[in-house]
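A short reminder: the numbers here are calculations on the coordinates, not readings from a lab. These numbers were taken from a predicted model, which means no experiment stands behind them. Reconstructed Cβ throughout: ideal geometry from the backbone, glycine too, with neighbour counts over all protein chains shown.
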Amino acid sequence: MSLGEYVVRRLLQLVPISLGVTILVFFLIHLVPGDPARTILGNQATTARVALLRHAWGLDRPLPVQYLKFMGRLFHGDLGTSLFYSVGAGRLVLQRLPVTLWLIGFGALLAVVIAVPLSALAATYRDRLPDHVVRAVPLVGLGFPPFWLGIVLLLTFALNLGRLFPVGGYGHGFAGHLHSMFLPALTVALGIAPILIRSLRAGLLEVLESDYVTTARSKGLPERRVLVRHALRNAIVSTVCVLGVNIGYLVGGTLVIEQVYAVPGIGQLMINSIFERDFPVVQAVTLVFSVMVVLVYLATDVAHALLDPRVRFD
Amino acid sequence: MKARRSLPFLALAGCAALGLTAATALGAGHARHAAMPKRGGSITIARIEDSQSFDKTNVFQNESIWLTEQINETLYTAAKDGKTLIPWLATGYTMSKDGLTYTFTLRKGVKFSNGQPMTSADVKFSIDDARAQSKGWGYLDAAIKNITAPDPGTVVFHLKRRWAPFLADIGLFANGIIPKNFAGQTRAAFYKHPIGTGPFMWDKRTVGQSVTFKRNPYYWQKGKPYLDSVTWTFVTDENTRELQLRGGQIQIDEFPPFNSISKLQNTSGVTMSLFPSTRTDYLDINESYAPLADVHVRRAISLAIDRNAIIKSVLFGHGTPANSFLPPQVPFYDPKTPGLQYNIAQAKAEMAKSKYPKGFKVTLLVGAGAQVETAMGQILQQSLKQLGIDVTFHQEDTSTEFNDIGKRKYQLGFSYWTMDIADPDELVTFAIDPAGGASSFYTGYDNPAVVKLSHEAQVQPDPAKRAALYSQLAKQAANDAFLGFLYYSPYRWAYSSKVHGFFVEPLGNYHLEDVWLG
């Protein structure tokens with residue numbers, strides 16, 4: 001099967017996967033204890049008022065009936081109305097999606113920018129001081145919780161050292177987003193760079209001992225050219241898979257970073273919606289998450305295939 | 001020789017005097033200058049929750065209510081003490097002898113933010129709309145029979161019965177005045193960006209992120225508001241809000257945690273204020289669990305609550321033990337109400353009188369991740385152990401916790417109340433009247449004598465007699481120990497020292513028309 005056919009097949013698989021996710025999430029969220037009417041009414045939640053609100057939202061109907069109504073709206077592209085905000089759930093999600101994409105994309109980019117030169121350095125100076133430092137220091141990023149790391153970065157760079165960055169927020173315009181999202185993205189990057197470094201370093205060490213690299217060296221090519229044009233390109237293949245898996249985890253996993261940096265992404269929307277039992281928004285967010293995860297893994301497979309011509313699709 | 005030696009001294013003294021005078025003049029001038037409000041500037045307020053809705057008649061969330069109050073105003077409003085009511089969009093009223101008719105005179109020259117003059121037709125429309133909201137705040141206007149508008153400057157309320165809390169009910173934010181017929185829009189469209197007479201008007205909103213109001217150029221208080229705009233952002237993390245305040249990104253931080261109060265009070269450029277509030281925290285005691293239906297058990301539990309320990313460890317000393325289910329900032333609060341205070345010997349004596357002298361097992365519902373509740377629960381657990389009461393924690397996420405308390409699927413739990421009106425009736429009905437819609441604050445408490453006192457107070461026009469009724473009611477409720485009265489705590493607000501005039505009233509609202517940037 002060609003790459004194109006493979007991509008189309010995987011995209012078609014999105015339909016049953018998304019359907020399965022919506023069914024599971026719909027029934028799970030409705031079966032979890034907690035009532036959105038009571039949450040919204042607060043101390044004014046008398047029995048009568050709760051009943052009126054639940055009726056207005058259609059929550060007093062049998063669950064299968066509610067599900068059919070939800071699916072009917074979904075086929076028309078309507079993800080329902082937020083119980084908390086009374087605005088379209090789809091609109092809420094789409095408004096926040098670019099923020100999370102920025103965070104994940106920028107974070108992944110920074111992770112690569114950190115990981116590639118450090119792993120090359122470590123591989124080049126194997127078992128010497130640079131190698132030991134590169135392997136040990138980035139583990140700090142793995143060891144410290146993102147919450148703590150975020151606060152430390154904010155204190156250092158947003159407050160104490162000349163206020164180089166804003167204290168959280170998303171900013172306005174491309175330059176504003178770049179400025180505001182640097183620290184959050186760095187926090188993401190420091191979490192996944194150590195894993196990329198270990199993977200890429202191992203890949204480079206293996207490739208640097210292969211015959212074609214020896215041939216390249218014996219031809220008199222500079223070491224830098226050997227590393228960049230021959231070794232790195234082959235070593236990076238498995239690291240791309242590792243990166244893809246970690247990006248998949250990041251989808252929905254950026255919640256803590258979004259909260260610390262007051263970044264209005266989907267993770268925050270998801271957790272607030274769960275606490276408020278805002279069913280339509282929870283369903284909309286999980287649907288988007290499932291699509292994003294499938295697309296990320298598909299992109300990883302495609303990248304893998306483009307980097308390694310030996311890969312075949314069945 | 002003496003004259004020559006004294007000359008330099010005199011010169012020095014003269015210079016010093018001149019300098020002192022100049023400094024004093026400068027200081028006085030500076031002080032006078034600092035006291036004068038300045039026009040212009042914008043502020044950002046970071047809060048813990050986003051606003052849910054701006055439909056003032058159907059919203060119950062403080063983060064929505066305090067914003068709608070910047071746009072929509074009422075005929076009367078609570079004064080800064082939270083107890084008295086002062087004329088606002090009305091200049092005064094008269095009441096008929098039978099207490100069934102209230103005639104309000106409207107303030108002249110009031111306009112909505114769209115330039116339209118406010119008339120009695122708008123008032124009638126607004127309050128008729130508010131009282132029709134059966135899912136919302138309509139119940140507080142239940143005493144109103146109908147409203148008439150005999151002329152543009154007069155509005156008359158006809159009541160079904162004499163109703164002592166009426167003026168306070170009219171001052172509820174839900175009864176804020178809006179243009180008749182929603183200024184030609186649908187109801188839903190109107191409340192997406194409401195119009196009112198308040199100091200600010202709608203500018204823009206990004207749901208889940210921020211709301212911005214801008215200055216209302218038609219505001220009836222001349223010269224106000226001083227600010228050009230106010231933006232409210234949504235920042236859940238308390239550390240981030242504090243960093244944003246210190247970094248100048250926001251000017252006001254809503255509800256910094258108790259454990260940061262001392263630090264903020266000593267932070268340069270930041271003012272940390274504790275405003276007296278109507279917030280009262282309680283231990284809910286569900287009488288559907290047999291041991292808790294025993295009044296001696298409830299009294300023992302109340303006597304075993306070490307309120308000072310809770311205030312010290314949870315509020316870091318910023319609170320006072322509660323002696324009544326009514327807070328001090330509400331009218332007719334009686335400081336002499338004999339709410340049971342910590343006394344283990346008396347607690348043991350009460351247990352000995354109960355049907356469970358050896359104690360029993362009980363579960364305490366605690367919100368998962370709710371540090372304050374967990375800390376209070378641990379203190380309570382240790383105290384009740386001395387009475388033979390074995391407390392087990394049952395943790396649930398806050399939504400489930402709230403749901404279970406509302407459905408009375410709990411044994412012991414925590415709750416709190418903040419007042420919405422400057423009258424005790426709303427809380428009293430909610431707390432002690434089984435027919436008040438919440439099974440007496442979800443406890444099942446039912447004392448007909450107390451309910452009778454509440455009903456008498458509702459129709460008693462004489463404030464002194466009304467005060468006596470509420471004192472009697474509060475005393476009986478305290479003796480019945482239907483709730484564990486825990487503590488009264490202040491509203492905590494941290495703001496830039498450049499912000500002047502910011503004041504939070506006991507009901508929790510704030511008048512941003514008085515705020516200016518130095």
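If you plug the beta carbon distance of residue B:273 and residue B:114 into 1/(1 + (r/R0)^6) with R0 = 35 Å, you get a FRET efficiency near 0.50.
Taking neighbour Cβ counts within 10 Å as the exposure measure, how do A:5, B:63, B:254, A:258 sort from fewest upward?
Working: A:5 10, B:63 17, B:254 23, A:258 27.
Least crowded to most crowded, the residues run A:5, B:63, B:254, A:258.
The relative contact order of chain A, computed from alpha carbon pairs under 8 Å that lie at least 6 residues apart in sequence, is 28 percent.
Looking at chain B alone, DSSP beta bridges between its own residues are antiparallel in about 75 percent of cases.
Would you work out the relative contact order for region B:226-272, in percent, from Cα pairs under 8 angstrom that are 6 or more residues apart?
Working: 20 pairs, mean separation 11.7, N = 47.
25 percent.
Charge tally around residue B:410: other residues with Cβ under 11 Å, Lys/Arg +1 each, Asp/Glu -1 each, net -1. Straight-line reach from residue B:224: which lysines fall under 24 Å, measuring Cα to Cα and dropping same-chain residues less than 8 apart? Partners within reach: B:38, B:56, B:80, B:108, B:111, B:204, B:214, B:498.
Taking max minus min of the alpha-carbon positions on each principal axis, region B:347-417 gives extents of 37, 24, 22 Å, largest first. Fewest neighbouring Cβ atoms within 10 Å first, the residues A:286, A:215 line up as A:215, A:286.
The orientation-averaged projected area of the convex hull spanned by the Cα atoms of region A:102-174 comes to 6.3 nm². For region B:324-329, putting each phi into the Karplus relation 6.51 cos²θ - 1.76 cosθ + 1.60 with θ = phi - 60° gives couplings of 8, 6, 8, x, x, 7 Hz, in residue order, rounded to whole numbers and with x for Gly and Pro.
Based only on Cα atoms, what mean projected area does the convex hull of region B:104-191 have, in nm²?
Details: hull surface 23.6 nm².
Answer in nm², one decimal: 5.9.
Short-range pairs are left out: with C-alpha atoms under 8 Å and at least six residues apart, the relative contact order of chain B is 20 percent.
Shielding of peptide A:160-171 by partners, expressed as the average count of other chain Cβ atoms within 10 Å per residue Cβ, is 4.
Using r as the Cβ-Cβ distance of residue A:69 and residue B:142, and R0 as 41 Å, what FRET efficiency do you calculate, to the nearest 0.05?
Values: r = 34 Å, r/R0 = 0.84.
That pair, residue A:69 with residue B:142, gives E of 0.75.
Using the Cβ-Cβ distance between residue A:295 and residue B:193 with R0 set to 45 Å, the FRET efficiency from 1/(1 + (r/R0)^6) comes to roughly 0.80. By other beta-carbon atoms within 10 Å, ranking A:7, A:140, A:167 with the fewest at the front produces A:140, A:7, A:167. If you average 1/r over all unlike Cα pairs in region A:1-130 and invert the result, what Kirkwood radius do you get in angstrom? Across region A:1-130, the inverse of the average 1/r is 19.5 Å. For the protein assembly as shown, the calculated P(r), taken from all Cα-Cα distances in 20 Å bins from zero up to the bin holding the longest distance, is 13, 38, 32, 13, 4, 0 percent. Seen from all directions on average, chain B presents a Cα convex hull projection of 31.2 nm². Note on residue A:48 and residue B:151: their simple-model spin labels are 3.9 nm apart, each label 7 Å out from Cα toward Cβ.
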